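The values are calculated or read from the model by the stated rules, or taken from the named source; none is laboratory data. From a predicted model like this one, the values you see are computed outputs, not experimental measurements. Glycine also receives a Cβ, built like all others from the backbone with ideal geometry; neighbour counts cover every protein chain displayed. Remember, those area values only see protein heavy atoms, side chains included, never the ligands or the DNA or RNA. Shrake-Rupley method; radii C 1.70, N 1.55, O 1.52, S 1.80 Å.
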Amino acid sequence: MSLNFYGGVNEIGGNKILVDNKDSSNSDDKNISSLFLDFGMSFSKAGDYFSEFLQPRKLNGIMDFVELGLLPKIKGIYREDYLKHCGLECSKEPSVDGVLLSHAHMDHCAYIHHLREDIPIFMRKESEIILSVLEETGKSSFGEIMSLKKSFHYVPKKRGEGYKKLTGKEAKVERNIVSIDPYSPFDINGFKVTSIPVDHSLPGSSAYFLESDDEAIVYSGDIRFHGRNKSFSDKFVSKSYKFNPTIMICEGTRINENSKGNEEDIETKAVNLIKDYNGLVFVNYPIRDLDRLITFYNVAKDTDRILAINSKQAYMLKLLEDEKGIENDKYPKLSDSNIVVYFPRKKQGLISGEHYVCYDGDWKTLDSCDLELKSDYDIWEREFLEGDNVINYTDLQEEPQNIF
Ligand SMILES: [Zn+2]
């Protein structure tokens, strides 16, 4: 077995680790099975070249990334549309058997965007939900992780001569996403793989045990011991000890630090800061950090407040709530009386219902189900507009304004 590190060494994230398992009974290349452990973006390397207003050029497919050393030069892994557009050959079959995704942080998954759609991507259900929400609600130009949209593709027009560019649903191709269950071993072309849950700042984080004829590998992914799911990490440690690996690949961003704080300490600190204050309190955290959501939900309850979340967070909670076979009891429900969904004004600014629109010369107010109001919002968030737990800017105003 051989290991190649194309990222993630002496840096934070950017993990792209290729594990090759040579079949000792056959020297033919085709009998080599190989897997990637994560396929993430190195923030530090990308930051050397790019910034908010200076991004890689889509017209160049993968080439900006390859030329700058952000993506490895490996045959048989990249998507056909990008390769062909740059005049490069695309092999019939992929050269790797899959990607084992540890968790849905960009420094572990972002560059899956560039991979061909027939490479299986293995992940836990929670990661699927998080990535689906981020993909559907985001606007990143290199964010096609769950599905990809074929670029530079033209098809003959149905009526008349000529070609039209594939867009929207027609251009969409689902990736080969494979859901995996914790602690249930499965086989990938000669590798025996087991997903072991670990605690990290988002649900669905997984370490992996890999076994081949001659090696036993433990890959921790990102791991912590101070979150609400510390018991997962503790169990991972005892299982790793019993597994007796020949190789251990471990995250170690803060391995020399001796910090003692945990998520419950943050909760206590926040309650002490907020409890004697009467005004609005704004908090900011990544929507996928559901441990932190629980923290602020508890803080809100302990300080007689209501937690207002945004529509993306509501969407993620709904998908987690609807998913069977995962541990979702710990997350607050959307129907919880301590949670409301805050909708900001968008486009026409019609959310309060107090504004008038003109129909055939007649000015009318809108209610929350009105078509015009809905058109202010994206399709995925419209269902939340109709809930009885929606608030808008008028609910946050202390004094109505009477200027005229
Ligand atoms: Zn992470």
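A few notes on this one:
- Within region 39-51, one or more residues are touching a Gly at 6+ places or on another chain (Cβ under 7 Å), open to solvent by 20 Å² or more (accessible area, probe 1.4 Å) and within 16 Å of the ligand (Cβ to nearest atom).
- Every pair of residues 6+ apart whose Cβ atoms lie under 9 Å, when the first sits in region 91-110 and is more than 17 Å from residue 20 (Cα to Cα) and in contact (Cβ under 8 Å) with a residue 24 or more places away in the chain while the second is in a helix (DSSP H, G or I) and near the ligand (Cβ under 10 Å from one of its atoms): 102/108; 102/109; 103/109
- Considering residues of region 157-191 that are of a type in the set (S, T, N, Q) and surrounded by 11 or more Cβ atoms within 10 Å (Cβ to Cβ) only, the residue nearest to residue 34 (Cα to Cα): 189
- Residue 267 meets all of the listed conditions (1) within 30 Å of residue 3 (Cα to Cα); (2) within 28 Å of the chain's Cα centre (by Cα) but one, namely (1).
- Residues of region 198-238 satisfying the condition of being within 14 Å of the ligand (Cβ to nearest atom) and part of a strand (DSSP E or B): 206, 207, 219
- The set of residues from region 239-254 being within 16 Å of the ligand (Cβ to nearest atom) and either farther than 25 Å from residue 33 by Cβ or of a type outside the set (A, V, I, L, M, F, W, C) (or both) comprises 251, 252, 253, 254.
- The requirement of being open to solvent by less than 50 Å² (accessible area, probe 1.4 Å) and not in a loop (DSSP other than H, G, I, E, B) is fulfilled nowhere in region 250-262; no residue meets it.
- Residue match in region 82-94 (condition: within 14 Å of the chain's Cα centre (by Cα) and outside the structural domain of residue 379 (by TED's automatic domain parsing)): no
- So residue 119, is it in contact with a Cys (Cβ under 7 Å, 6 or more places away or on another chain) and in a loop (DSSP other than H, G, I, E, B): no
- Taken over region 145-173, the residue count meeting the criterion of being away from the ligand (no atom under 16 Å from the Cβ) and under 30 Å from residue 251 (Cβ atoms) is 3.
- For region 283-339, the tally of residues that are open to solvent by 50 Å² or more (accessible area, probe 1.4 Å) and among the polar types (S, T, N, Q) stands at 4.
- Scanning region 58-110 for residues that are within 16 Å of the ligand (Cβ to nearest atom), in contact with a Leu (Cβ under 8 Å, 6 or more places away or on another chain) and assigned to a loop (DSSP other than H, G, I, E, B) gives 102, 103, 104, 105.
- Region 1-21: number of residues that are in contact with a Ser or Thr (Cβ under 7 Å, 6 or more places away or on another chain) and either among the small types (Gly, Ala, Ser) or at pLDDT below 95 (or both): 8
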